[in-house]
There are 2 protein chains.
Amino acid sequence: MEKSEPLAFLDHDHSQCRRTALKCANNQGLRLTKWRQLVLDLLLEDHRSMGAYEILNRLECNGVKPQPPTAYRALDFLVEHGLAHRIEKLNAYVACARPDACQSAGFIICKECNIVAEVECSPSNPELLRVAANVGFDAESTVMEVEGICSNCQNND
Amino acid sequence: MEKSEPLAFLDHDHSQCRRTALKCANNQGLRLTKWRQLVLDLLLEDHRSMGAYEILNRLECNGVKPQPPTAYRALDFLVEHGLAHRIEKLNAYVACARPDACQSAGFIICKECNIVAEVECSPSNPELLRVAANVGFDAESTVMEVEGICSNCQNND
DNA sequence: ACAAATCTGTTATAATGTTACACTCTCACT
DNA sequence: AGTGAGAGTGTAACATTATAACAGATTTGT
């Protein structure tokens with residue numbers, strides 16, 4: 001498994017992705033409460049992105065369907081602790097593909113199948129950061145997203 | 001005026017920005033209808049980003065307050081023709097700062113003052129694009145946004 | 001065992017964005 | 001000038017995404 005392979009678009013052993021992520025979550029001393037665990041499980045099913053309400057509709061615990069804040073709280077927690085990422089372009093979420101090695105991530109988004117591949121790469125565009133630094137801008141977070149059609153969906157037309 | 005100066009964060013003659021943008025809009029043979037013109041005027045007031053509903057609330061023509069689709073239609077048109085950009089991180093819009101020379105833009109977003117500086121730079125992060133190309137991904141659009149605090153707002157704390 | 005901090009349940013509401021359809025206007029062509 | 005196609009507008013309703021506020025329950029550290 002190479003550093004910057006967009007696994008999501010390649011054949012791979014996805015159960016391995018899940019295991020790594022879950023192990024990582026458990027080793028960080030985080031409080032993985034009921035809802036957080038359930039949301040993480042949903043996101044880890046595959047590399048598709050899910051909207052908060054799609055998650056909400058699939059959340060259910062002992063027959064109880066939670067309200068929006070429940071999903072958003074769990075998502076905020078997972079994002080904050082690096083177990084998930086928010087995809088701004090889609091207003092949606094994906095499980096972090098490399099929680100063990102996630103420094104700075106860019107995303108490759110297929111708008112046909114909703115699969116999102118995460119790529120470890122240098123933070124932002126170098127020119128952009130340089131220009132920002134030049135005017136004394138204090139950069140806190142970066143969005144790097146590329147949207148298009150994955151190889152698989154190109155062939156399905 | 002240098003190619004990649006983040007004018008928005010520098011002292012500059014903003015009326016020049018407006019003139020360039022308006023001239024550019026008029027020279028492209030576009031149909032700049034009433035609402036499109038009004039929305040463009042609002043966005044060109046400065047380099048702050050504006051949400052669709054903020055725009056909507058300030059739109060008004062002969063005492064008529066339009067409905068949401070009016071704002072979104074005008075914004076879609078302006079974005080499609082390169083006169084404005086959507087900022088994904090904010091769900092908001094800015095006037096294009098260089099409609100005469102806008103190939104591929106990144107954005108530097110101050111979360112204090114909402115000023116958004118546009119920087120002409122190579123499309124996306126090179127590593128990200130390379131990885132995408134490697135798996136036959138057909139990239140159509142790119143989001144490059146850096147959020148933080150501008151120099152001016154750092155000093156105002 | 002207790003207090004503080006964190007998490008949850010719940011109601012309500014805000015903010016953002018879209019669909020659908022009827023009507024009007026503009027432009028190119030005869 | 002008339003006219004038909006395409007583009008733009010007005011309007012109502014609705015869909016989606018996200019947050020505020022507050023009370024109650026649970027966990028944690030001491």
Exercise. If you go through region B:123-136 one residue at a time, do you hit one that is among the acidic types (Asp, Glu) and within 13 Å of DNA strand D (Cβ to nearest atom)?
Worked result: no
Problem set entry | Failed item in (1) away from DNA strand C (no atom under 16 Å from the Cβ); (2) open to solvent by 20 Å² or more (accessible area, probe 1.4 Å), with B:Leu83 passing the rest | (2)
For this session: May I ask you to list the residues in region B:87-111 that are outside any loop (DSSP other than H, G, I, E, B), within 14 Å of B:Leu44 (Cα to Cα) and open to solvent by 10 Å² or more (accessible area, probe 1.4 Å)?
Result: B:Tyr93, B:Ala95
Exercise. Regarding A:Leu10, is this residue within 14 Å of another protein chain (Cβ to nearest Cβ), away from DNA strand D (no atom under 16 Å from the Cβ), aliphatic (A, V, I, L, M) and open to solvent by 20 Å² or more (accessible area, probe 1.4 Å)?
Worked result: yes
Exercise. Is it the case that region A:118-125 has a residue that's at positive phi and among the polar types (S, T, N, Q)?
Worked result: yes
Problem set entry | Selected residue (only one of B:Tyr72, B:Tyr93 is within 11 Å of DNA strand D (Cβ to nearest atom) and either touching a Ser or Thr at 6+ places or on another chain (Cβ under 9 Å) or free of Cβ contacts under 8 Å to residues at least 40 places away in the same chain (or both)) | B:Tyr72
For this session: Go through (1) within 16 Å of DNA strand D (Cβ to nearest atom); (2) within 14 Å of chain B (Cβ to nearest Cβ) and name the single condition A:His47 misses.
Result: (1)
Exercise. For residues in region B:23-65 being charged (D, E, K, R) and within 13 Å of the chain's Cα centre (by Cα), which is surrounded by the fewest Cβ atoms within 10 Å (Cβ to Cβ)?
Worked result: B:Glu45
Exercise. Could you say whether any residue in region A:51-61 is under 30 Å from A:Asn125 (Cα atoms), more than 10 Å from DNA strand C (Cβ to nearest atom), within 14 Å of chain B (Cβ to nearest Cβ) and of a type outside the set (Ser, Thr, Tyr)?
Worked result: no
For this session: Scan region B:112-145 residue by residue and report those that are within 7 Å of chain A (Cβ to nearest Cβ), outside any helix (DSSP H, G or I) and acidic (Asp, Glu).
Result: B:Asp138, B:Glu140, B:Glu145
Problem set entry | Failed item, numbered, when B:Ser124 is tested on (1) among the small types (Gly, Ala, Ser); (2) within 13 Å of the chain's Cα centre (by Cα); (3) within 17 Å of A:Cys121 (Cβ to Cβ) | (2)
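Scanning for something over 30 Å from A:Asn152 (Cα atoms) and surrounded by fewer than 15 Cβ atoms within 10 Å (Cβ to Cβ), does region B:120-133 turn up at least one residue?
There is no residue in region B:120-133 that is over 30 Å from A:Asn152 (Cα atoms) and surrounded by fewer than 15 Cβ atoms within 10 Å (Cβ to Cβ).
The values are calculated or read from the model by the stated rules, or taken from the named source; none is laboratory data. Here the structure is a predicted model, which means the values were calculated and not measured. Note that we place each Cβ from the backbone using ideal geometry, even for glycine, and neighbour counts take in every protein chain shown. Note: accessible area is taken over every heavy atom of the protein model, side chains too, but ligands, DNA and RNA are not part of it. Shrake-Rupley method; radii C 1.70, N 1.55, O 1.52, S 1.80 Å.
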